[in-house]
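Undergrad: Below is a structure I'd like to ask you about.
The values are calculated or read from the model by the stated rules, or taken from the named source; none is laboratory data. Not measured: the values here are computed from a predicted model. Note that we place each Cβ from the backbone using ideal geometry, even for glycine, and neighbour counts take in every protein chain shown. Surface accessibility is based on the protein's heavy atoms, side chains included, excluding ligands, DNA and RNA. Shrake-Rupley method; radii C 1.70, N 1.55, O 1.52, S 1.80 Å.
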Amino acid sequence: MQANLRHLLVTLDQATELSALQDTIVRLRDHYGVAHMVYHWVSADGEQYGCGTYPLSWVQHYVQKDYLRIDPVIIGCFKQFHPVDWKALDWSSKAAVAFRAEAMQAGVGNQGYSIPIRGPSGQFALFSLSNNTDDTDWAAFTESNRRDLILCAHSFNQKALEVETKRMPDPVKPLSGREIDVLTYLAMGYSRSQVAQTLTISEHTLRAYVESARFKLGASNTMHAVARAVSEGLIVMGGAARAARGGWPGRAQAAE
């Protein structure tokens with residue numbers, strides 16, 4: 001098994017065109033014995049690029065319906081830096097329920113696992129696999145293969161960056177202090193009204209700061225702007241953020 005995986009990754013490393021990535025991901029899908037495997041790069045302008053084994057009809061339907069806006073996997077993984085089991089994501093909205101039903105009907109599978117990838121200049125991509133199996137077997141499979149799947153994910157992304165250099169986002173423009181404040185509070189979990197109240201500005205002014213930051217970051221939406229600002233080191237999260245002025249959701253628990 002390991003010898004076959006090494007051979008596939010060596011083949012991927014030697015690839016010089018996109019067709020080789022598609023061929024390798026099909027063979028990697030078969031190696032792991034899952035229903036589907038996909039590498040999905042979401043560009044800063046909202047364009048999508050990738051390779052994988054989903055039915056072409058589902059891929060075309062996904063793009064035509066602009067499901068990038070409501071896909072819980074995309075939305076949830078924007079907020080994550082570690083592998084994510086799809087069942088741990090929020091599928092509670094009506095749009096997400098309908099989307100999941102369509103995906104199941106298209107043969108995507110009842111289980112899924114995605115590895116978020118953060119590349120240079122705020123690049124965001126996902127490496128995902130899906131299958132039809134029960135929760136226990138799926139948990140055992142993902143746990144036992146986690147390290148190798150992370151290696152596969154970053155190998156695909158590295159090769160995609162080499163082959164598709166024109167898709168890389170432009171370097172980000174500097175953000176103003178106020179734009180950094182706004183994105184930082186949004187990243188902490190504030191609602192827009194809470195951010196406006198904390199910064200003593202109107203929600204109309206807040207929207208202007210958000211739109212300006214999105215433009216500078218080349219982001220397709222607010223969540224993408226936050227994710228890109230984090231990946232570029234423009235806003236500070238975690239322990240250092242706890243020293244920020246004002247309160248935010250969860251601060252009391254974090255201080256205990």
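Undergrad: Val34 fails exactly one of the following numbered conditions: (1) surrounded by 16 or more Cβ atoms within 10 Å (Cβ to Cβ); (2) at pLDDT 85 or above; (3) in a helix (DSSP H, G or I). What is the number of that condition?
TA: (3)
Undergrad: Could you please give the count of residues in segment 83-122 that are of a type outside the set (Gly, Ala, Ser) and in a loop (DSSP other than H, G, I, E, B)?
TA: Looking only at that region, the number is 6.
Undergrad: Oh, and also: Select, from Tyr54, Tyr39, Tyr62, the only residue that is of a type outside the set (Asp, Glu), free of Cβ contacts under 8 Å to residues at least 12 places away in the same chain and surrounded by 18 or more Cβ atoms within 10 Å (Cβ to Cβ).
TA: Tyr62
Undergrad: Being part of a helix (DSSP H, G or I), closer than 28 Å to Ala3 by Cα and either open to solvent by less than 50 Å² (accessible area, probe 1.4 Å) or not aliphatic (A, V, I, L, M) (or both) is the requirement here; does Gln22 meet it?
TA: yes
Undergrad: Now for a separate question. Among the candidates Ser212, Ser220, which residue alone is open to solvent by 30 Å² or more (accessible area, probe 1.4 Å), more than 23 Å from Ala125 (Cα to Cα) and in contact (Cβ under 8 Å) with a residue 12 or more places away in the chain? Show your work before the answer.
TA: Values: Ser220 fails: more than 23 Å from Ala125 (Cα to Cα).
Ser212 is the lone residue from the list that is open to solvent by 30 Å² or more (accessible area, probe 1.4 Å), more than 23 Å from Ala125 (Cα to Cα) and in contact (Cβ under 8 Å) with a residue 12 or more places away in the chain.
Undergrad: If I filter segment 79-89 for residues that are among the polar types (S, T, N, Q), farther than 19 Å from Arg146 by Cβ and at pLDDT below 95, do I get at least one hit?
TA: The answer is no, given that none of the residues of segment 79-89 is among the polar types (S, T, N, Q), farther than 19 Å from Arg146 by Cβ and at pLDDT below 95.
Undergrad: Next question, about the same structure. Which of the numbered conditions does Ile70 fail, given that it passes all the others? Conditions: (1) farther than 22 Å from Leu186 by Cβ; (2) open to solvent by 40 Å² or more (accessible area, probe 1.4 Å); (3) of a type in the set (A, V, I, L, M).
TA: Going through (1) farther than 22 Å from Leu186 by Cβ; (2) open to solvent by 40 Å² or more (accessible area, probe 1.4 Å); (3) of a type in the set (A, V, I, L, M) one by one, Ile70 breaks only (1).
Undergrad: Is there a residue being part of a loop (DSSP other than H, G, I, E, B) and either within 14 Å of Leu234 (Cα to Cα) or over 22 Å from the mean Cα position of the chain (by Cα) (or both) anywhere in segment 182-201?
TA: Yes, segment 182-201 has at least one match.
Undergrad: Here is a follow-up. Does Ala101 qualify as being free of Cβ contacts under 8 Å to residues at least 12 places away in the same chain, open to solvent by 20 Å² or more (accessible area, probe 1.4 Å) and of a type in the set (Gly, Ala, Ser)? Walk me through how you get there before you give the answer.
TA: Values: free of Cβ contacts under 8 Å to residues at least 12 places away in the same chain: yes; open to solvent by 20 Å² or more (accessible area, probe 1.4 Å): yes; of a type in the set (Gly, Ala, Ser): yes.
So Ala101 fits the description; yes.
Undergrad: Here's a follow-up. Looking at this structure, is Thr142 in contact with an Asp or Glu (Cβ under 9 Å, 6 or more places away or on another chain), in a helix (DSSP H, G or I) and either under 14 Å from Phe78 (Cα atoms) or not aromatic (Phe, Trp, Tyr) (or both)?
TA: It is true that Thr142 is in contact with an Asp or Glu (Cβ under 9 Å, 6 or more places away or on another chain), in a helix (DSSP H, G or I) and either under 14 Å from Phe78 (Cα atoms) or not aromatic (Phe, Trp, Tyr) (or both).
Undergrad: Answer yes if at least one residue in segment 161-175 is under 25 Å from Ile117 (Cα atoms), part of a helix (DSSP H, G or I) and modelled with pLDDT of 90 or more, and no otherwise. I'd like the intermediate steps shown before the answer.
TA: Narrowing segment 161-175 to residues under 25 Å from Ile117 (Cα atoms): 161-175.
If we keep only those that are part of a helix (DSSP H, G or I) too, we end up with 161-163, 165-167.
Still in the running and modelled with pLDDT of 90 or more: none.
So far as segment 161-175 goes, no, none of its residues is under 25 Å from Ile117 (Cα atoms), part of a helix (DSSP H, G or I) and modelled with pLDDT of 90 or more.
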